[in-house]
Structure formats: structure tokens, C-alpha cells
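Here is the structure we will look at.
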């Protein structure tokens, strides 16, 4: 049976649903797909059943929902593809991260144990569970205080979303569950365990979320200084065999075969993360190819041969994106959600009416109007920090700003200034990488915002980089299918498989020198604002503090 | 005939219409009024008839329109009042300023001469004619270069709106009209001339708009240095008898009696300006009583016994508001027009629908929503410079800004931040006066914005000043009627007349110490932004320059 008759299945576990895609081994053709929504979605107010209320900033999930994706979306995708399941030679998965759950030694989630159904800490903590900020703060303070070498690999900041903060919260808020857990495992690895019967930690989440650097975790002394009961966290709850991305984690078990309808013994790839797995899907695994997954926020991933500590990056991990190269991750905390906020709150009815008449979305209407102007014609510059800044400045107390308003400023002017502000934010990141000796040569864009041509052209003009666009609407699932192909032995490595199966339209948007030059002047003003509000002054921090005090006085009933 | 059966008529000449009000001498009761719209309105695109196009920034008027107000609104107001015209003992007027026209020695406007109907420079240049900026720039540069003492009386800046800039433009762009003009006269004085047959320059416009200080105009040397042909401008085109506010300019002529229906010989007060004449209408002529006329922009006028050079004030003039005291004028170039701009461009349809359902204006709806929060709860601070800054910074290249935006920021949050920003702008002015030894003790508010109770309370809280509100909807016309009463000899002076005829509700809004304290913290951030963008950096100037270059490239067809 040749490659053109062989297939792999990629399964992308998102925030609200899982998607399976059947991909042809020879050329990456996506021949069938299916989506299965999680029955319980995101638990952020109450546990399933409704009896137990959750505090603010919590976000949990039910692990059984993931299994349902295997049982439903996988066989449905194969059915839609119209192929014989025996033509499937490999299965690959990717997951949101850091999404973690406490399990027994055999992989059983604690929330499935008798008596634990009403214990919030027994459930999956979803990536956007943000209730471990105080733990993260302590981790960061201690790491800097002790001069831990690894903190530089994370741009100086361990996130509250990651394994150590969530694990420490678990210990301190529900020590019984903590003690009962044999492992605190990434869902990305748990699902592979479910498929193969083997617990293999993927190098990507181990590095980016588990502080696994140079072959080791933070040491016992460090952990004990956080909390004596936490001393063994890494060795007892996290440690396990590390699997490189693209390796075979194991083979489909009898039970998993029955679940998915795929042949027992099918190769299963080591787990992966949705953003990172997109790089090979976009055929962008070479040094200098920065993949920007642009949606509500933007995640930047790029492989490189050099190791450097780039200011504000999320992390650098050996083999974090492709085995054998340093994988860099960076991010912008708000992008599409800023445009959505503006469109929702700041555009008058005449525009909504005009969009309706033209049969286009308000975004599209604003984009058309905004496209009809020269660079700088609106006289504005904005800061894209409505959700804080998670790139160079790493400060969640920062906020958005618009400067240059006049009585002739129109909604499309502000909209364009906001689009540009996120492009300037990307340029700051690109320049931080360059300045650290990690050159960026190309932007490869994936994610929902690729459909906005004006936005794409602005990014090309602002960054002076050629801009390529992924040619699949299911980047993560395609990336997982590519990893499955390598795990199945059909290709020697992920970059080689990506050459055949990945899909990208190269150089779709190229910088225009005239506009790029004009943008240099606006970027200079962006940088001036960036450094003023981000470094020189405390204005934005003070505004947040004043706001918190005002809200507290309302709640407290003060004047 | 006692005062309770005697009346005066005040006529307020605005930008689009003139309003006559009949006021009882004894108590200021407004017993009748009438409005007459100018047939030609503002000529800002073409001359009347349409054959002659006007350049950008021009704004002209037709003097005959003012005469029509005398002929229509005055008799109609008397008719509505139901009084005998013989009960009218005085007539007073106020005008926009600086609104100027070239006339012959007998007062005939040049635009009424044969052959001059199609010469733009032969018409009235309205206050908002802004096409003499280059002339103003030269005047300012030269004044500072020569160290002219009078420049300090104008906060360091002569406006393009004023007599010398407009006169120099006239000379340089249409020297024939300039040569033919025997006088270049304020409409405020021309209308009094029309009524009395006498040309009397009112002390207010002579001082604020005509650089008449310490009994003299800028000297010939100075004017010759601007343009040799301009050397005689002050002595030949401006100079005339100065009349103090409240004095009798003359008596109603036979012709003017026929025009207005008022008795020949009726006392006519020296001309005045709409903002300044409002002070006695609001019974606010004492030192420390700052009158804020709040509309699209805000004009602040205050009398004081001390002379000081206050940074950024528009001017200080001996007898500029009431005879015998130094009259201070300051201003904020954008206030109500910023709120109107926001409401027009930045509020989504759901808000418009809700306002409609509630039967209130969008302003009122936003105000109600904005009122329901603690000081600082929105987390925002804004700069109110959408039309530049005409107070302390005196820089038209400045622009508006909003800082502190998040994805939860709502329209009512930004609306409130904009209301507050204008209050902070007023506090900056109040503090500039205080810092110069000219204390401000009370804010007395007039103008269209007095109806917004939230705005008024914010001003009281932000400035920590008791806030009184004029109790007339026709402040300028009432003020003119008060001046008419003094001119008629019914009261010894304007402050005394104001005590009987002016109307104010005292201390309607008092500062709340809790809120004032909270505002101190926000004001600190406003001042930080104010000094950063207004003094430390060129960001806003650069944005305007970039904008102009972009617009020029579009017009020029460049890339």
C-alpha cells in the first residue's frame, strides 16, 4: 500500500471541542473531518451538576469529554473521508496547554473517583484557569531571589497558567487531592496515555509549562522554599519519560482501538500543543520562520539553532517545536479580541446599518473604510495593551491607549490604528528576537485573522517581512497528522513530513517600501508611547490601582 | 414711571442668529424675546450668490444680516413682551468676537459698495475665520523677538482670530480693499455705530482683540516690521474713542428708531462681547468669581483687582469685563464638542436604542449610566485636546487621548472620562490663576452644558470649588440689557445693576470631600499626561505632521 493510499488522523483538542481530521500521507490532503463538542464545556462558575460554586478566575474541564472526542469525532472523520480504517497508519494529537489534571498511577482522573466528584481540585485545570496568580508571584519572586538559571529561559516570568503555579495551588488549597494524585499530568499527555497505555511527557509542555530545562526540573530546595510539602512535586508528580515531538509514544491499545475504530497497534505520536504543532502544518520549521497564530490573542513560535534569552519571550525549549532545534515561544495577550471589543462597543449604528446593507460583517465594513487611507492619515497611534502586555514588557497592569484624537476622527480611523498597534506589537517582538541574536526572516500566519487582507498587509509593511499564510483551516489537526506520519515511520522527521504534508501560500503579502517607510515614523511614536507607559511611568499601574480601590469601596459600601 | 414699569432691551448677536430680550429694570425679569436668523448664515465655502469660492478656513458674514436682527427681533420681542415701546429706556448689545469688517468713514461696509460684492476681503470676517494663521505666527514671532511688553498680557500668544492677524491678511491678500477701508471695525462696535451714528470702540474688544494695553496699541515700528504697508494699521484703521463697558455710546438715531421701533434718543450702551457680558448676567463681577460659559468650547472670564500675567490666558484687559477692574479671559478649545463627537462617532446602536426607548437623548442616557460609578472605577484618564489646547499650553497641534482602556471598557466609561478630562482642564486653568496670585473662589457656570448635573458635580468635585449656575437661558442678552440699564442711568454701575437684574442660583453643586480626594489621584495622572504630551514630548505634533504629509501625498498622488 503506497503513501497515496495511506492516511493519518490528527486530533486537535481545543477549548470547547475536539476536531479530528483524516490526512493523506502522500500530500497532506485533508479528506475528512469531524468535530465533537465537549458536553461540559468550560466549568467557570459551578461544577457539573451545579451544586459546587467556583471562585473567580477558575476554569475547569471534565476529562471524560476528551474521551468522547476520540469515540465520536475520530470514527466520524474516517467515515466522512470514505476510507477503510485500516488505511490509517498513525494517530497524532495536540491540546490546549497548560491544561493539567491529577491522576492515579494508572491514569484514572481523580474527579472520577468515588467521593471526589464535588472537589474542584480533582478536575482538569484548563489553560485559562487564572486562580493561581499568588502562587505564580511567589515562584517568580523566589526564582529571581535565588537567581535560578532557568528563569531566563522564560523571559523572567513563570505564568500562573503553568504547571508549578497550578500544582502549588492544588497543594495549598486541597492537600488531600494533592496527596492522592500520583501524577499531575498535562492533558496533552493524558490523552496519549489513554490511547497507548503509556505515560510519556512530550518535550514541548515539559519545557514550556513544566520548567524542564537542560534535562532537569527546578530542584527540591527551591520547591521546599515555596512550601515544604511541595519539595517533591517535580520528582513525584511530574517526572516521567520525555518523548520528543514526532516520536512514537506507543501503539493503539485494544481498548483505544475499540473506542476510535482504528486498528489496534496503530502508531500514536507523542503529545503536542495546538500552537506549536501548527508550525509544521504551515511548513515553517526552519530557523527564522516565525509562525504567528493570530486569533483573539497571538502566539508566536519559531525554531532556531541558536540559544538566547530573548526579553519577554514566553519560553525557549530544546525540541519545543521540532526535535533538535531550540523552540521559541512569544505572544501578544490581546489582538483579535481588541478588534472585537472596538467593534462591539465603539461603532455607531450608522456603520452597523451600512454593513448590513452591504451584506458584510462590521469588521469587514470597517476594514474596507480603513483601507481607503494613506499610512498616518488618521493621525493616531494606539497601544495594544487592553489585556496587558505579555511580550517585551511582561506587565499585566498595562492597558490600552489611543493618542491623536480630534473632532474629525472616525471609527474606521481608530479601527485602523488598533490593527496597526498590534502590528507594532509584533514588530517589537521581532526586534527583540533580532536584538538577541535570533533573526526573524519570514512571518507565517495562521489562525482566524488571516482572512483580513488589510491586516496582513499592515503586518508585512510594519515588520518589513514577507508574509506567508497557512493554506489549511485546520492547522493544528493537520500538524498532528504530520506528527502521526512521522510516528508511523512514513517520514524520517517532522520537517521532512511537513515538506510533503504541510500547506502554505508563500509570500502572499510583501512589504511595500513606501508604506514601510511611512510606518517607520508611526512606529517611532508607538515605541515612544511603549517606553513611556511601559517603562518610564506608573500611570497605567496607578489607574488600575485607583480602579481596584474604587470597585472595593463600592463593594465595601464606602463613599 | 418707576423701574418696575421700565425696561431695557438686550440684543445678543451670535454665530447664526441674533436674539433680542426685553428685561424689566427693577428685577431683571425677562418679559419677552425673539430670535432672527441671519439670512446668509456663515459663508465658509462660497460668497452669497455662489460665484466666488472661498479657500479653506475662511468664515465670512454679511453685515446686513445684523441689521435685519435690529429690524425684526427687537420689535418682535417688544411685541411679545406686551409693553409700550416707550417703556424701553435703554438698548444694549453684545457680539461674537473677534468679528471684524472693513468700512468707510461713515460706517458703510465695503462689501456693500458697487463692485466689491465679489471680493471676499470686503466682507465681515467672523470670529472663526482661521485663514490668518501665518500672519498670527509672524506677529507672535516678532513680538517675542522684540520683547514686546504687551505679549505677556495675552499668555504669550496673539490669536489668528484677532484684529491684527486678520488685518494683516487683508493688507497682504487684497491691498486695494485694505487701502479703501477707513476703519477695520469690530462688529460689536459697528452695530452700536449703526444705532447711534457714533463709532465708539468698546474697551473689551479693543483690549482682548485689538492689543490695546495701557492706553496704546502696538507701535508703528512693530507693525512696519511685519509689513511696511501695515505701519499705520493701528492709528489709521483701529484707533477711535474708547468706551468703557456700561457707558452710554450714544442715543438711538432717527433711522435706528424707525428700524427698531424704539424711541429716538433711547440710550445705547457701549458694545460688548457675548462671553464677557454674561458675567453680570450671572451676578459674577467680584474678584474670584470665575464665570465659565460652557458650550462647544468653554470661555472663562473673571474680574480681579490685581494685575498678573497668567500662563496661557487669552488676555487680561483693564475694564475688559467690568469697568475699573482687570478682566481676565481664558478658555478651553474643546468641551461640549468633544462630548458631541464621542456621542456621534463612538456609541453603538444598542445604546441609541436604549436611549430612544427611555425617551432621552443619547447624552442623557450615557450620563445616567456614567453617573452610576465610583470615581476612578472606569480606570481611565483622557486628555481633552481634540481641538488643541488653548489654556496653559497654548498649542493647537495637541490632540486628544484616552489611556487605561481594557476589554471591559464601556462607552459610558469613556464618556465619563471625557467629562472628567474637561473638568481637569478647568482645574489646570484655575491652578494657573492661583499660582499667578489671582485666586479663584467660585465657579459660576453659564452656557448649554449647565443642564448636565453629573458634569456640574464633577466640576465641583474636581476643582473643590462651590459651583453656582446662571438662572437665565439667555445670559448674554440679559447681560446686554443690564449694560443698557446702566447706560440709561438707571443704575450707577454694572455690578450694582447686576445685583438687581442678574440671576444666579448660588452653590448649586458643592464639592464632596471623598470624591474630591479620589479625583486628586486621577488629576495627578491627568497632569502627568498633560505635561508629558504637552511639554516633554513631540508625539502629538509628530502625529499631526505625519497626518498632513499623508494627506498631501494623497492629494499630490504620491505613493
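The values are calculated or read from the model by the stated rules, or taken from the named source; none is laboratory data. Treat the numbers as computed from the prediction; the structure is a model and nothing was measured. When we count neighbours, we look across all protein chains shown, and the Cβ atoms used for this are built from the backbone with ideal geometry, even at glycine.
The set of residues in region B:289-319 that are under 20 Å from residue B:202 (Cβ atoms) and outside any loop (DSSP other than H, G, I, E, B) comprises B:291, B:293, B:299, B:300, B:301, B:302, B:303, B:304, B:315, B:316, B:317, B:318. So the check is Cβ under 8 Å with 6+ separation or different chains; which pairs have a first residue in region A:323-352 that's within 24 Å of residue A:387 (Cβ to Cβ) and a second one that's at pLDDT below 95 and assigned to a helix (DSSP H, G or I)? Going by the 8 Å Cβ cut-off, the qualifying pairs are A:336/A:448. Taking region B:323-337 as the search range and keeping residues that are farther than 19 Å from residue B:245 by Cβ and assigned to a strand (DSSP E or B), which one is farthest from the other protein chains (Cβ to nearest Cβ)? Restricting to residues being farther than 19 Å from residue B:245 by Cβ and assigned to a strand (DSSP E or B), the top hit is B:331.
Across region A:502-517, the qualifying residues are those that are within 9 Å of another protein chain (Cβ to nearest Cβ) and touching a helix residue (DSSP H, G or I) at 6+ places or on another chain (Cβ under 7 Å), and the one among them that is surrounded by the fewest Cβ atoms within 10 Å (Cβ to Cβ) is A:512.
If you take the residues of region B:391-408 that are more than 7 Å from every other protein chain (Cβ to nearest Cβ) and on the phi < 0 side of the Ramachandran plot, which of them is surrounded by the fewest Cβ atoms within 10 Å (Cβ to Cβ)? Applying the filter and picking the extreme gives B:408. Note on region B:428-440: residues that are farther than 18 Å from residue B:461 by Cα and not in a helix (DSSP H, G or I) amount to 3.
Counting only residues that are more than 24 Å from residue A:412 (Cβ to Cβ) and either modelled with pLDDT of 95 or more or in contact with a strand residue (DSSP E or B) (Cβ under 8 Å, 6 or more places away or on another chain) (or both), how many does region B:309-351 have?
If we filter region B:309-351 for residues that are more than 24 Å from residue A:412 (Cβ to Cβ), which is where we start, we get B:309-333, B:335-336.
Filter once more, keeping what is either modelled with pLDDT of 95 or more or in contact with a strand residue (DSSP E or B) (Cβ under 8 Å, 6 or more places away or on another chain) (or both): B:309-310, B:312-333, B:335-336.
Going through region B:309-351 one residue at a time, the tally reaches 26.
Just checking: which of the strands (runs of 3 or more DSSP E) contained wholly in region B:1-56 hold 2 or more residues that are more than 18 Å from residue B:502 (Cα to Cα), touching a residue at least 40 places away in the same chain (Cβ under 8 Å) and in contact with a strand residue (DSSP E or B) (Cβ under 9 Å, 6 or more places away or on another chain)? Fully inside region B:1-56 and qualifying: B:17-24, B:30-37.
Taking the conditions (1) out of contact with any helix residue (DSSP H, G or I) (no Cβ under 8 Å at 6 or more places or on another chain); (2) touching a residue at least 12 places away in the same chain (Cβ under 8 Å) in turn, residue B:385 satisfies each one other than (1).
Go through region A:520-529 and report how many residues are surrounded by fewer than 23 Cβ atoms within 10 Å (Cβ to Cβ) and either facing chain B (nearest Cβ under 7 Å) or in contact with a helix residue (DSSP H, G or I) (Cβ under 7 Å, 6 or more places away or on another chain) (or both). Steps first, please.
Going through region A:520-529, the residues surrounded by fewer than 23 Cβ atoms within 10 Å (Cβ to Cβ) turn out to be A:520-521, A:523-525, A:527-528.
Now drop any that are not either facing chain B (nearest Cβ under 7 Å) or in contact with a helix residue (DSSP H, G or I) (Cβ under 7 Å, 6 or more places away or on another chain) (or both), which leaves A:521, A:523, A:525, A:528.
The total comes to 4.
For region A:253-267, taking the residues that are in a loop (DSSP other than H, G, I, E, B) and touching a residue at least 60 places away in the same chain (Cβ under 8 Å), the one that is farthest from residue A:81 (Cα to Cα) is identified as A:266. Taken over region B:409-422, the criterion of being assigned to a loop (DSSP other than H, G, I, E, B) and either more than 10 Å from chain A (Cβ to nearest Cβ) or touching a strand residue (DSSP E or B) at 6+ places or on another chain (Cβ under 9 Å) (or both) is satisfied by B:409 alone.
Just to be sure, is residue A:284 in contact with a strand residue (DSSP E or B) (Cβ under 8 Å, 6 or more places away or on another chain), surrounded by 24 or more Cβ atoms within 10 Å (Cβ to Cβ) and not in a loop (DSSP other than H, G, I, E, B)? When the stated conditions are applied, residue A:284 does not pass them.
Per-residue answers, yes or no, for (1) farther than 24 Å from residue B:273 by Cα; (2) more than 27 Å from the chain's Cα centre (by Cα); (3) modelled with pLDDT of 95 or more; (4) part of a helix (DSSP H, G or I):
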residue: B:218; (1), (2), (3), (4): no, no, yes, no
residue: B:224; (1), (2), (3), (4): yes, yes, yes, yes
residue: B:229; (1), (2), (3), (4): yes, yes, yes, yes
residue: B:235; (1), (2), (3), (4): no, no, yes, yes
residue: B:240; (1), (2), (3), (4): no, no, no, no
residue: B:246; (1), (2), (3), (4): no, no, yes, no
residue: B:249; (1), (2), (3), (4): no, no, yes, no
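Residues considered: A:541, A:548. Of these, the only one that is within 14 Å of chain B (Cβ to nearest Cβ), loosely packed, with under 14 Cβ neighbours inside 10 Å and assigned to a helix (DSSP H, G or I) is A:548. Checked against the criterion of being in contact with a helix residue (DSSP H, G or I) (Cβ under 8 Å, 6 or more places away or on another chain), in a strand (DSSP E or B) and within 14 Å of chain A (Cβ to nearest Cβ), region B:352-363 has no qualifying residue.
In the set (1) within 23 Å of residue A:378 (Cα to Cα); (2) more than 19 Å from the chain's Cα centre (by Cα); (3) part of a helix (DSSP H, G or I), the condition left unmet by residue A:425 is number (2). With respect to (1) within 26 Å of residue B:69 (Cβ to Cβ); (2) at pLDDT 95 or above; (3) in contact with a strand residue (DSSP E or B) (Cβ under 9 Å, 6 or more places away or on another chain), the lone exception for residue B:129 is condition (2). Scanning region A:366-382 for residues that are part of a loop (DSSP other than H, G, I, E, B), touching a residue at least 40 places away in the same chain (Cβ under 8 Å) and either at the interface with chain B (Cβ under 7 Å from one of its Cβ atoms) or closer than 15 Å to residue A:346 by Cα (or both) turns up A:374, A:375, A:376.
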